[in-house]
Amino acid sequence: MILVEDHHEAYYAWKERKFKNLPLVHLDAHVDFEFQEVKPERLILHEARTVRELKTQLEKALLFKKYKFRPEELTYIGNYIYPAMRDGIVGEFFWIVPGRLSEFQKCLGRIKKVLSSFKKEDPFADPGASFAPGLIRTRLYHKSFYICTLEALPKMKNPVLLDIDTDFLVTDSLKNEAATRKIGKRKPWILPDELVGILKKKVPDPKFITIAYSVNQGFTPMVYKAMADQMARSLGCSDPNLENRILAGEYFKKFRESLDKEDYRTAKSYYFQALKLNPKYSVPDNNYGPLYLQSEDYARAEKEFRGMLKVDAEDSYALSGLGRIYFAKKRFKVAHKYFKQAFALRHDNKAALIGRAETEYMLNNFPAAKIFLARYEKLEPLQGASRYVRGLIHEKEGHPQKAYIKYKEALQLGLSGIDLLLKLVKLAKRFAEADLDYLKIRFADYKKRFYLFDRKSLQRKGKFSHIRRMEEKIKRLSASLGR
């Protein structure tokens, strides 16, 4: 048994132990199976279903080689089960979703969307799915795939890989799987001892157990981090530091309660007691600021970050959070001040690095922007944000063809958005007309996603002027592409 911070570490633990063709019982509010953006060339040639898909995937593979990315950089918390199945580590795959049977029925639409998204990318024939109360049987990547509730999970007769994400206990429904849902209001729908009691009956002979805290990015609120340790204790973990980590969790809960009451003196005492027992409570997601920031609720985000600074004046992450708020408000000089302070405290603060690069660009300090982009890319090589900023700088410096290359890389590395697409189409007409068909497809995907999801989200937030601006840009790009 091992406990990991981020769930994709489970894949490397399985690989290291040379497990082969074992059933996986995965308890999680997220399926954690996505097809990776870049495949080995032998798989591209074997699995590509169309000429366009073949061309796109080969281009990504060449980009991967150009920058000498390591294969492990492709594996993250949302896709580590794919390489485990691809490599023959995992045979049957059981995804146990949170909530009771009644909640499963309410979420069937969401589950069907997940299956539909897999079908679009799965290189192997899909035989369809069969449905029973609380259980769906189908196939994924040519292996048996089951989606079910805990109560509908059949008793496992053979050794399995038991894989638990702590967010399973505090996400009562797939409707609330997004970390930004119910910020600060999540409660356990099932407690560690109850869950372990059921698992001991359903999975009596686990070959290996992995438990992920999943506090990074806020999927498990930090106040529930120690629930992972409580599960491990109930499952027989013999780690000598286990009790200290559980006690640290109690101190952190008291810190959070004091912080909510704005009793900063008491909060500070409990916070540093928690850190003394478990230093891993000093991370960006130890408060709700990043989630409020992601939701564009800047008032609540700022309150969280300023509260953290009253507890710990040298919290680099809270400072970079304030920088991001003021960047969003286009107050670039103020944002620059906070990013500079954050970087001075921690040179490995990624948010401070990319924030500093972006503010240096907005303040027309291009040489400084390039320095911070280079530092950021050393820590985060496989992302599109820095490429986009490099493209902006190339345009400002009068090198549009170089800008196009960077914008295209940003798109290939997962960055999306109407502004990026507008720039790409404009420059492709000058330097790469052969790419226009590909860009039309990417624009169609973006437009569909905008009207299905993004527009509704903006409507809920009352951002109608923003919607109008986005729709004007979509019309402009449609006209530019002749659609």
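The values are calculated or read from the model by the stated rules, or taken from the named source; none is laboratory data. This is a predicted model, so every value here is computed, not measured. Because the Cβ atoms are built from the backbone with ideal geometry, glycine has one as well, and the counts that use them run over all protein chains shown.
A few points about this structure:
- Every residue from segment 105-142 that is surrounded by fewer than 17 Cβ atoms within 10 Å (Cβ to Cβ), among the charged types (D, E, K, R) and closer than 18 Å to Phe33 by Cβ: Arg110, Lys112, Lys113, Lys119, Lys120, Glu121, Asp126, Arg137
Okay, residues lined up against (1) of a type outside the set (Phe, Trp, Tyr); (2) within 22 Å of Phe332 (Cα to Cα):
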position	(1), (2)
Leu353	yes, yes
Lys370	yes, yes
Val389	yes, yes
Ile393	yes, yes
Lys408	yes, no
Tyr438	no, no
Asp445	yes, no
Tyr451	no, no
Arg455	yes, no
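- Looking only at segment 445-476, residues that are hydrophobic (A, V, I, L, M, F, W, C) and surrounded by 13 or more Cβ atoms within 10 Å (Cβ to Cβ) come to 5 in all.
Residue-wise test of (1) in a loop (DSSP other than H, G, I, E, B); (2) in contact (Cβ under 8 Å) with a residue 12 or more places away in the chain; (3) acidic (Asp, Glu).
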{"residue": "Val114", "(1), (2), (3)": "no, yes, no"}
{"residue": "Lys119", "(1), (2), (3)": "no, no, no"}
{"residue": "Gly128", "(1), (2), (3)": "yes, no, no"}
{"residue": "Arg137", "(1), (2), (3)": "no, no, no"}
{"residue": "Tyr146", "(1), (2), (3)": "no, yes, no"}
{"residue": "Met156", "(1), (2), (3)": "yes, yes, no"}
{"residue": "Asp163", "(1), (2), (3)": "no, yes, yes"}
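- Taking the listed residues Lys39, Lys18, the one that is in a loop (DSSP other than H, G, I, E, B), out of contact with any Asp or Glu (no Cβ under 9 Å at 6 or more places or on another chain) and either surrounded by fewer than 17 Cβ atoms within 10 Å (Cβ to Cβ) or of a type outside the set (Phe, Trp, Tyr) (or both) is Lys18, with no other qualifying.
- Cβ pairs under 7 Å, 6+ apart, first in segment 242-262 and over 13 Å from Phe272 (Cα atoms), second outside any helix (DSSP H, G or I) and not β-branched (Val, Ile, Thr): Asn244/Asn278; Arg245/Asn278
- Looking at Glu34, Glu53, Glu103, just one residue is at pLDDT 90 or above, in a helix (DSSP H, G or I), of a type in the set (Asp, Glu) and out of contact with any strand residue (DSSP E or B) (no Cβ under 7 Å at 6 or more places or on another chain), and that residue is Glu103.
- Looking across segment 309-330, the residues that are over 14 Å from Ala299 (Cα atoms) and over 24 Å from the mean Cα position of the chain (by Cα) come down to Leu309, Lys310, Val311, Asp312, Ala313, Glu314, Lys330.
- Screening Asp454 on (1) modelled with pLDDT of 95 or more; (2) acidic (Asp, Glu); (3) within 30 Å of Ala178 (Cα to Cα) shows it passes everything except condition (1).
- Checking the stated criteria, Lys406 turns out not to satisfy the condition of being without any contact (Cβ under 8 Å) to a residue 12 or more places away in the chain, of a type in the set (D, E, K, R), surrounded by 14 or more Cβ atoms within 10 Å (Cβ to Cβ) and part of a helix (DSSP H, G or I).
- Selection count where residues are over 28 Å from the mean Cα position of the chain (by Cα) and either surrounded by fewer than 17 Cβ atoms within 10 Å (Cβ to Cβ) or not in a loop (DSSP other than H, G, I, E, B) (or both), scope segment 195-205: 7
- For beta carbons closer than 8 Å, sequence separation of 6+ or different chains, a first residue in segment 169-184 that is over 16 Å from Arg110 (Cα atoms) and a second that is of a type in the set (Val, Ile, Thr) and not in a helix (DSSP H, G or I), the qualifying pairs are Leu169/Ile190; Val170/Thr220.
- Being in contact with a Gly (Cβ under 7 Å, 6 or more places away or on another chain) and of a type outside the set (Asp, Glu) is a condition met by at least one residue of segment 354-373.
- Test: residue in segment 119-137 that is more than 23 Å from Val4 (Cα to Cα), of a type in the set (A, V, I, L, M, F, W, C) and modelled with pLDDT of 95 or more: yes
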